[in-house]
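The values are calculated or read from the model by the stated rules, or taken from the named source; none is laboratory data. Given the structure is predicted, the values throughout are model-derived calculations rather than measurements. Note that we place each Cβ from the backbone using ideal geometry, even for glycine, and neighbour counts take in every protein chain shown.
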Amino acid sequence: MPKARVPVSGTLTPIPTRFFVTSGKGINKTSELNAFDLALLQAGIGEQNLVSVSSVLPIGIRQIDRVPLVRGAITHCVLARHGGGEGEVISAGIAYGFRSDGQGGYVAEGHLHGTQKSLKEFLKWRMEEIAHFRGVELRRIHYRTEELSIPMDHYGVCISACVFLP
């Protein structure tokens with residue numbers, strides 16, 4: 001008979017207690033990577049080592065205003081990113097919401113060639129699917145999106161992030 005798995009707690013499994021949501025956009029003549037760097041700096045997370053994580057808000061987590069982070073810190077986040085070239089309209093964003101039963105919440109990230117309005121419709125659909133798959137209801141859904149119309153002879157990047165903190 002297989003052994004039952006016991007949840008691990010304590011220092012082995014870090015559980016965030018706070019999060020903030022941020023976004024930025026960057027335009028650069030040299031490269032999309034440089035535009036991405038500018039977008040990260042605008043969002044206040046350009047001096048961190050970002051680690052992409054999936055999209056679960058733990059029980060008891062609370063949202064805070066954006067805070068300065070230590071340079072070089074390993075920083076866990078849900079990151080939406082979209083880049084493009086001259087003449088394109090791009091959008092990137094996240095949606096997040098808490099379960100109505102108080103058992104945490106979820107974050108959905110997305111990006112597309114198009115407007116913030118279209119992106120918000122897509123993110124709303126994603127959040128509804130997340131709730132449906134789990135058989136739960138969500139309270140209000142919040143959005144943080146960026147849209148960018150990229151000028152000729154330039155590259156551009158939009159980002160949006162949910163940054164987790166201990």
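When each of 66, 71, 18, 62 is tested for being more than 27 Å from residue 113 (Cβ to Cβ), more than 18 Å from the chain's Cα centre (by Cα) and at pLDDT 95 or above, the lone residue that passes is 71. Residues that are of a type outside the set (A, V, I, L, M), under 22 Å from residue 141 (Cα atoms) and assigned to a strand (DSSP E or B) within region 49-69 comprise 52, 62, 63, listed in sequence order. Filtered by the rule that a residue be assigned to a strand (DSSP E or B) and touching an Asp or Glu at 6+ places or on another chain (Cβ under 6 Å), region 135-156 gives a lone residue, 155. Residues in region 21-59 that are over 15 Å from the mean Cα position of the chain (by Cα) and either of a type in the set (Lys, Arg) or under 14 Å from residue 83 (Cβ atoms) (or both): 26, 27, 28, 29, 30, 31, 32, 33, 34, 35, 37, 38.
The lone criterion from (1) farther than 19 Å from residue 56 by Cα; (2) assigned to a strand (DSSP E or B); (3) touching a Leu at 6+ places or on another chain (Cβ under 9 Å) left unmet by residue 118 is number (2). Against the list (1) buried (at least 21 other Cβ atoms within 10 Å of the Cβ); (2) over 27 Å from residue 14 (Cα atoms); (3) in contact (Cβ under 8 Å) with a residue 60 or more places away in the chain, the condition residue 123 fails is (3). Restrict the check to region 126-134 and report whether at least one residue is among the acidic types (Asp, Glu), assigned to a helix (DSSP H, G or I) and out of contact with any helix residue (DSSP H, G or I) (no Cβ under 7 Å at 6 or more places or on another chain). Yes, because at least one residue in region 126-134 is among the acidic types (Asp, Glu), assigned to a helix (DSSP H, G or I) and out of contact with any helix residue (DSSP H, G or I) (no Cβ under 7 Å at 6 or more places or on another chain).
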